[in-house]
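Here is the structure we will look at.
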Amino acid sequence: MKEINIAILGFGVVANGVKKILDENYNIINKRLKRITGEDYSIKIKKILIRDIGKYHSNLQGIMTEDIGNILEDKEIDIVCELIGGDTVSVDYIKKAMENNKHIVTANKMALFTKNEELFKIASDNDVCLKYEAAVAGAIPIIKVAEESLISDEIEEVQGIFNGSTNYILSKIEEGLNYHEAMELAYNKGYLEADPSSDIQGYDSMYKLGILGNLIYGEFPKAKDIERIGIDKISKWDIEYANKNSKKIKLIGRIKNKDNAISYSVKPEIVDMENPLYNIDGALNGILLKCKNAGDIFLSGPGAGSRETAVSVIGDIVSIVREGY
């Protein structure tokens with residue numbers, strides 16, 4: 001049996017989900033891998049990087065470490081899952097791991113958008129994988145669809161709800177809450193960080209849109225080239241007016257390729273009932289791809305959450321194993 005050792009950086013909501021699913025579905029994953037590859041594999045968490053070991057139950061302390069060096073210098077660790085987030089220490093860890101010939105799986109959309117050139121170059125120079133399905137739309141497999149399933153087609157336009165937190169807030173205002181009440185409820189549900197500006201002002205959606213745009217069109221857009229307007233100026237009256245006309249207001253990320261001129265925007269838009277995004281309410285995400293040959297393809301599902309995002313992280317781990325690295 002071939003043992004695949006992974007390390008997880010951070011042990012927050014998503015990392016907890018990854019560990020739980022790998023533990024619960026160990027046999028299922030290995031059986032499916034054997035059916036696909038013809039070989040026996042065992043995917044094992046060897047190390048988890050955290051800040052304070054003392055906070056965790058004793059049965060986890062054998063695999064936990066506060067020292068990144070214990071992961072970087074361990075030649076038995078094949079894959080590092082970066083689940084810290086942000087674009088400071090996490091980027092440094094990603095770079096060092098790849099320089100130590102470890103494959104990376106990450107959900108870090110900010111790092112991929114802001115440090116993309118540097119990260120992809122290091123991955124290429126060291127012949128390691130940099131996988132990021134979980135960075136865009138959580139459980140929705142949009143990266144694989146765009147990168148593999150539609151490789152022979154031309155995607156002419158992308159429309160999407162890429163941020164579940166803002167979609168939840170807008171849905172609650174539709175139900176009668178005011179903006180501040182909807183924000184408070186989103187906090188209580190765990191949909192917003194202590195500083196909600198990345199969600200509310202559209203940065204989170206912008207990062208995801210840029211990652212998807214690079215995958216489809218071969219180049220990351222600059223932040224200054226993406227029109228970005230958040231939801232903080234939307235009033236209850238705006239939403240009521242849209243509803244009276246059988247429409248809804250959604251924070252839409254859009255990429256449009258017209259005569260090879262590619263434009264990007266993240267802003268509130270009025271969506272009518274004919275658009276499948278009209279029915280995406282609460283914390284769900286939805287993505288509409290307009291393709292030259294395949295026509296319209298629509299995907300929807302959870303854009304965040306512990307187990308939901310963990311499924312995409314584990315999918316990337318399995319992809320690396322399947323590709324024979």
Measuring from its Cα centre, the chain shows a charge dipole (+1 at each Lys and Arg Cβ, -1 at each Asp and Glu Cβ) which, in debye to the nearest 20, is 420 debye
May I ask you to list the chymotrypsin sites (Phe, Trp or Tyr not before Pro) in region 56-137 that are in a DSSP loop and have at most 14 other Cβ atoms within 10 Å of their Cβ? Tyr56
Given the convex hull over the Cα atoms of region 110-181, what projected area results after averaging over all orientations, in nm²? 7.4 nm²
Quarter of the Cα convex hull surface for region 142-302, i.e. its orientation-mean projected area (nm²): 9.4 nm²
Which Cα, out of Pro268, Ser152, Ser165, lies furthest along the positive dipole direction of region 142-302 (beta carbon charges, K/R +1, D/E -1)? Pro268
How much of the DSSP bridge set in the chain is antiparallel, in percent, rounded to the nearest 5? 55 percent
Dipole of region 69-127, positive end: most advanced residue of Asn100, Gly69, Thr114 [Cβ charges, Cα centre]: Thr114
Can you compute the charge dipole magnitude of region 191-297 about its Cα centre, using +1 on each Lys and Arg Cβ and -1 on each Asp and Glu Cβ, nothing else charged? Give it in debye, rounded to the nearest 20. 320 debye
Qualifying lysines (Cα of each under 18 Å from Cα of Lys189; at least 8 residues distant if same chain): Lys172
Restricting to DSSP loop positions (anything but H, G, I, E, B) with no more than 10 other Cβ atoms inside 10 Å of their own Cβ, which trypsin sites (Lys or Arg not before Pro) remain in region 194-243? Lys222, Lys233
Specify which residue in the list Gly10, Ser306, Leu289 is farthest towards the positive end of the charge dipole of the chain, using unit charges on the beta carbon of Lys, Arg (+1) and Asp, Glu (-1), about the Cα centre. Ser306
Under a straight-distance cross-link criterion of Cα-Cα below 17 Å, which lysines are reachable from Lys102, leaving out those fewer than 8 residues away in the same chain? Lys2, Lys44, Lys46, Lys47, Lys75, Lys121, Lys131
Quickly rank 13-24, 62-73, 304-315 as a protection proxy: mean count of other C-beta atoms within 10 Å, highest first. 304-315, 13-24, 62-73
Over the chain, what is the relative contact order in percent, taking alpha-carbon pairs closer than 8 angstrom and at least six residues apart? 21 percent
Report Rg/Rh for the chain, rounded to two decimals, where Rg is the Cα radius of gyration and Rh the Kirkwood radius. 0.98
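Read-outs throughout are calculated quantities, based only on the coordinates presented, and are distinct from any laboratory measurement. Given the structure is predicted, the values throughout are model-derived calculations rather than measurements. Ideal geometry is used to build each Cβ from the backbone, glycine not excepted, and the neighbour counts take in all protein chains shown.
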